[in-house]
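Here, each number is a calculation from the coordinates, and none is a lab measurement. This is a predicted model, so every value here is computed, not measured. When we count neighbours, we look across all protein chains shown, and the Cβ atoms used for this are built from the backbone with ideal geometry, even at glycine.
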Amino acid sequence: MRILLAVASRHHGTWEIGEVIADRLRARGHAVDQRAPEDVDTVTGYDAVVLGSAVYTAHWLPVARDLAARCADGLRERPVWLFSSGLATQPANSANSPLEVAALRDRVGARGHRHFRGRLDRSVLSFTERAIIAGGRAREGDHRDMTAVAAWADEVADQLATLAVDLPEAISHPV
């Protein structure tokens, strides 16, 4: 299957999570295009979509939300999975639970959502971002669990394998 993996990442940490997902899906025989959401005009030509975003102040990045809104009709026509990446370390855990995910999941008919812990490098943050992080008492460092990311990508691949026979002909075709 041909899969669009659209990843919104401000400081490359979430993009790297996307790379692990793409590698796992490719290892399972899928063609994967990993792209930034602002570079996606349509989901036409893809059999499935994985859409992910970094989480800042409890929200997905605007470019990811915009892609979901712009392509909502097309997303509803194919299998979609969502993932988020934020600090999710105590005590900042609640600040990194994206508020809009439930509504987004319903709007695009997503089959699932997974939240992954992110990484924090204060040296790359803007003054405003550092102030927000300081208020949340988030811990510096790389808290990502790439083994968990790979396992989730394998779960998506397993679900795609069971869906392959049921995909409409209009979607499931080589491009």
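Among Tyr46, Tyr56, sorting on how many other beta-carbon atoms sit within 10 Å of each Cβ, with the fewest leading, yields Tyr56, Tyr46.
Annotation: the antiparallel percentage among DSSP beta bridges lying fully within region 2-157 is about 15. To the nearest 0.05, what FRET efficiency results for Thr147 and Thr57 with a Förster distance of 25 Å applied to their C-beta separation? About 0.35, to the nearest 0.05. Computed over every Cα-Cα pair of region 2-157 and binned at 5 Å starting from 0, the pair-distance distribution P(r) comes out as 2, 10, 21, 23, 20, 13, 8, 4, 1 percent.
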